[in-house]
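Below is one structure, written out as structure tokens; comments come after it.
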Amino acid sequence: MKITTHKFQNITVAIIFGWLIFFVLVPNVLVLGTSFLTRDTSNLIDFTFSLDSYKRLFDPLYAQVMWNSLYMSGLATIICLLIGYPFAFMIAKLPSKYRPILLFMVILPFWTNSLIRIYGMKIFLGVRGVLNNTLMSLGIIDSPIRIINTEIAVIIGLVYILLPFMILPLYSAIEKLDGRLLEAAKDLGAGTVQRFVRIILPLTMPGIIAGCLLVLLPAMGMFYVADLLGGAKVLLVGNVIKSEFLVSRNWPFGSAISIGLTILMALLLYIYYRAGKLLNKKPELE
């Protein structure tokens, strides 16, 4: 029985490592290698070493796209945090029998393809969509508001898609709060704001950082959200990568942008790692 279990474990580990090697490591190595090659109009790439693709990353045009992506992704992250924190706090403080229902409602959108959901959001935000028709019927506005093909529409789409990624880590962090600490702070005269700032916020900071990373990193690459809700007027880094591979056929430059985005994500993950270590560091007793 032990031998069978040991073999099963080895096979499982081998399958996982094989999957990671062939579908994660190999593609990334190919992208990295392509980024150092030269564009060829007839064969897509020429096996000539070059750093021109990385030099183009410092072009003001692409720097502006990167900044615009960080701006919209950061704004979407802040909005998700402002919505997700109170919602996760409410779920965590409800009786245990109601929590699975609300968590199921949070996870339920994952059952539908995000592309289909964005098409639904496009219909909802359209000039003759549900939102404008509702506002006009209530007498709040006299004429339809044009939201589609603006940065606001893209940010709304990003928040709509990524909000669950903020709620779940926040809920996990808030659920672990020790209520005795809050009771002790209350007995010592700490007000609601003081308890939140000095106890709740520091203890849930790992969940805040994790949620922000889970929203910020994917938001920069969701090119289809910008395509469908922003049109050609709003670009994310993912749109530029898609365009370089499928339209301009400049695979080395598209690969260089992908590597640059990967490095940025790695830096953010490292910041999360360092912040987690600092937050979990116990003060030394003198």
Task: Of 229, 43, 67, farthest towards positive along the dipole that unit charges on Lys, Arg, Asp, Glu beta carbons give the chain - done: 229
Task: Apportionment of accessible area to carbon and sulfur, the stretch 60-280, percent (1.4 Å) - done: 70
Open item on the list: Just checking my list (i) 1.44; (ii) 1.25; (iii) 1.31 against Cα Rg over 2.2 N^0.38 Å computed from this structure; which label fits?
Closed with: (ii)
- [ ] Rounding to the nearest 20 debye, state how big the charge dipole of the chain is about its Cα centre with +1 on each Lys and Arg Cβ and -1 on each Asp and Glu Cβ.
- [x] 660
- [ ] Springs between alpha-carbon atoms under 10 Å, Gaussian network over the chain: tell me which of 98, 71, 119 tops the mean-square fluctuations.
- [x] 98
Open item on the list: Per-residue counts of other Cβ atoms within 10 Å, averaged by peptide: what ranking do you get for 210-218, 261-269, highest first?
Closed with: 210-218, 261-269
Task: Tensor-based shape of the stretch 170-224 (alpha-carbon gyration tensor, a/c under 1.5 rounded, otherwise prolate or oblate) - done: prolate
- [ ] Filter the trypsin sites (Lys or Arg not before Pro) in the stretch 151-216 to those in DSSP coil with at most 16 other Cβ atoms within 10 Å of their Cβ, and list the result.
- [x] 176
Open item on the list: So if I take the centroid of the Cα atoms in the stretch 91-144 and the same for the stretch 145-200, what is the distance between those two points in Å?
Closed with: 19
TODO: Pick out, in residue order, every one of the chymotrypsin sites (Phe, Trp or Tyr not before Pro) in the stretch 129-220 that is DSSP loop and has at most 15 other C-beta atoms within 10 Å; say none if there are none.
DONE: none
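The values are calculated or read from the model by the stated rules, or taken from the named source; none is laboratory data. Since the model is a prediction, treat every value here as computed from it, not as a measurement. A quick note on method: Cβ atoms are made from the backbone with ideal geometry, for glycine too, and the neighbour counts reach across all protein chains shown. Keep in mind that these areas ignore ligands, DNA and RNA; they rest on the heavy atoms of the full protein, side chains included. Shrake-Rupley method; radii C 1.70, N 1.55, O 1.52, S 1.80 Å.
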